[in-house]
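Participant: Right, I'll just put the structure down here and ask away after.
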């Protein structure tokens, strides 16, 4: 199942997996490292400090936390420089003027995905409010 804010659906070249997806896999007893291994090996799965923090804070077992921490360490991450924070602020301001107030964490993730031209893998409905952001409920097949 896919969903996109744009008219045309496209197979993403890059993906950013939101914490909702990692947590969903963990709750099902699945190891996200194995589910995302192909994307990670391709270099097309990106990390984000916000997602890392959201996932790791919820880990109940130290071994699972350590394994996921090591996995996140392998993923490329964007540099959050002053220009990045200007983009986050501008997105927040534009959405707020339309009456759509999103959590800062979601604005950060959406801005990173936009910079990377990556799809966000998430079941969080907030991402659908971001113009032009491709949002998918599931990780697509690597192709």
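Participant: Right, residue 18: modelled with pLDDT of 95 or more and in contact with a helix residue (DSSP H, G or I) (Cβ under 9 Å, 6 or more places away or on another chain) or not? First the steps, then the outcome.
Facilitator: Numbers: modelled with pLDDT of 95 or more: yes; in contact with a helix residue (DSSP H, G or I) (Cβ under 9 Å, 6 or more places away or on another chain): yes.
Against the criterion (modelled with pLDDT of 95 or more and in contact with a helix residue (DSSP H, G or I) (Cβ under 9 Å, 6 or more places away or on another chain)), residue 18 qualifies.
Participant: Moving on. Specify which of the listed residues (123, 105, 111, 100) is free of Cβ contacts under 8 Å to residues at least 60 places away in the same chain, surrounded by 12 or more Cβ atoms within 10 Å (Cβ to Cβ) and outside any helix (DSSP H, G or I).
Facilitator: Numbers: 123 fails: free of Cβ contacts under 8 Å to residues at least 60 places away in the same chain; 105 fails: outside any helix (DSSP H, G or I); 111 fails: outside any helix (DSSP H, G or I).
Result of the check over 123, 105, 111, 100: 100.
Participant: Hey, among the residues in the stretch 19-49 that are touching a strand residue (DSSP E or B) at 6+ places or on another chain (Cβ under 8 Å) and part of a loop (DSSP other than H, G, I, E, B), which one's surrounded by the most Cβ atoms within 10 Å (Cβ to Cβ)?
Facilitator: It comes out as 48.
Participant: Assuming residue 76 fulfils every condition listed in (1) over 28 Å from residue 11 (Cα atoms); (2) touching a strand residue (DSSP E or B) at 6+ places or on another chain (Cβ under 8 Å) apart from one, which condition is it?
Facilitator: Checking residue 76 against (1) over 28 Å from residue 11 (Cα atoms); (2) touching a strand residue (DSSP E or B) at 6+ places or on another chain (Cβ under 8 Å), the one that fails is (1).
Participant: Among the residues of the stretch 50-80, write down those that are surrounded by fewer than 13 Cβ atoms within 10 Å (Cβ to Cβ), over 16 Å from the mean Cα position of the chain (by Cα) and in a loop (DSSP other than H, G, I, E, B).
Facilitator: 60, 61
The values are calculated or read from the model by the stated rules, or taken from the named source; none is laboratory data. Please read these numbers as outputs of a predicted model, since none were measured by experiment. Quick reminder, even Gly has a Cβ in these numbers, built from the backbone with ideal geometry, and neighbours come from all protein chains shown.
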